Amino acid sequence: MRKGINPNGILDIEQDLSLYFGQEAFNLVKAAAAVNSNVLIVGRHGSTVELAAEVIHYLSDRRGGRFVVVQCEEGSSDLEKESLVGRRVGAEGVVAGSEGLIEAAHRGTLFLSEMSLIPPHIQTTLMRTMDRQAVTPEGSLAQKTVDVRFIAATNLKVEEQFKEGRVRPDFYRWISVLEIHLRPLNERREDIPKLAAHFLKCCGEKMRKPLEGFEDETMNLLVSFDWNAEIRQFESAIEHAAIVAVGNRIAQADLPNYISSWASTRQMGATDSTPQKNLREAVENFEREYIAKMLINCNSNKEETAIALGISLSSLYRKMEELGIATRHVERR
């Protein structure tokens, strides 16, 4: 949540950032903040790539400078050379010189929102700036010294960008001194219960509603859903549920319709394919494996496990009894 970052570099939500990025990626984010090397962040749109870049900036010694975003889109004026390097006073009738985006990021950070959409000739300009730490404004022969750290993002495989001629290999080497991969939410489902609990807490505080957690079937659905649009979609789904919830626990009916429709379609498909196990057995098997895994992650601490699952401690004990999960069995796994 961007509101937790301020110009003083104070991260009110630092303890929760590992949920946004995943612990491994967050460790690299903190490592990047400790140095001035250029960084490439690889992740799907919506997987908080810009937030990761901002966190690197505000945790670093550059937080006193600007965090300047270059919108890398088809036809974007930000990707014109003059927009990046500026124009000198008096050039071609210009009365007042214009400061480019690179110079605006002096002693700060320049964030390139999508590496694959940067034209090759602009990649050359950026490489020259990285090499010399200087820019030459349009209409001028004199260089201006700049102190800028570059961070770029991409949601495409680098190898494909090379083959398609989108990205020059030498530009990639300049920009990717440190490469951070943000795993999609679908690949780190173990973080979903904690992330859901975090967003629900934020919503409860903002709406002044006494929201305590999720019903078991609701959490199961959140964990299994295909989150193609990543964190932003997930956060919006929790906020929707918090708004419409009548009780203090989120029921499956509180989730957006597209999630309920997905669950219904999946259940129909499972029935049509005649699985070896009926739906009830399949759900119980999933719950048994998932709860056992969370117990292992929490070192068999049941209170921490209940919090991670977004359910009450009594619900956890009831589930463990129903599913035949013994703590000593979990510890031996």
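Every number in this text was worked out from the coordinates using simple rules, so none of it is lab data. Source: prediction; values computed, not measured. Here Cβ is always computed from backbone atoms with ideal geometry, including for glycine, and neighbour counts include all displayed protein chains.
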#### Entry: Local net charge near VAL158, Cβ-Cβ under 12 Å (Lys/Arg +1, Asp/Glu -1)
+1
### Query
Could you give the length gained on full extension between GLU73 and GLU179, defined as 0.36 nm per residue of separation minus the Cα-Cα distance, in nm?
36.0 nm
### Eligible lysines near LYS209 by straight Cα distance, threshold 20 Å, same-chain separation 8 or greater
LYS194, LYS201
#### Entry: segment 119-169: relative contact order in percent, alpha carbon pairs under 8 Å with at least 6 residues between
33
### Query
So who's got an amide H within less than 5 Å of the one on ALA134, skipping anything under 5 residues away but keeping other chains? H placed 1.01 Å off N, in plane.
VAL146
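To the nearest 0.05, how large is the calculated FRET efficiency for GLN143 and HIS121 if R₀ is 22 Å and r is the Cβ-Cβ distance?
So, using R0 = 22 Å, E works out to roughly 0.75.
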### Query
How far is it, in nm, from the label point at VAL283 to the one at MET207 when both lie 7 Å from their Cα along the line to the Cβ?
2.4
## Note on the structure
For the pair ASN299 and LYS157, the simple spin-label estimate (label points 7 Å beyond Cα toward Cβ) gives in nm 4.0
### Query
Any idea how far apart SER312 and HIS240 come out in nm if each label point goes 7 Å out from Cα toward Cβ?
2.8
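At a threshold of 8 angstrom on Cα-Cα distance, excluding pairs fewer than six apart, so keeping six or more, what relative contact order does segment 109-264 reach in percent?
Working: 154 pairs, mean separation 29.5, N = 156.
Taking the mean separation of contacting Cα pairs over the length of segment 109-264, I get 19 percent.
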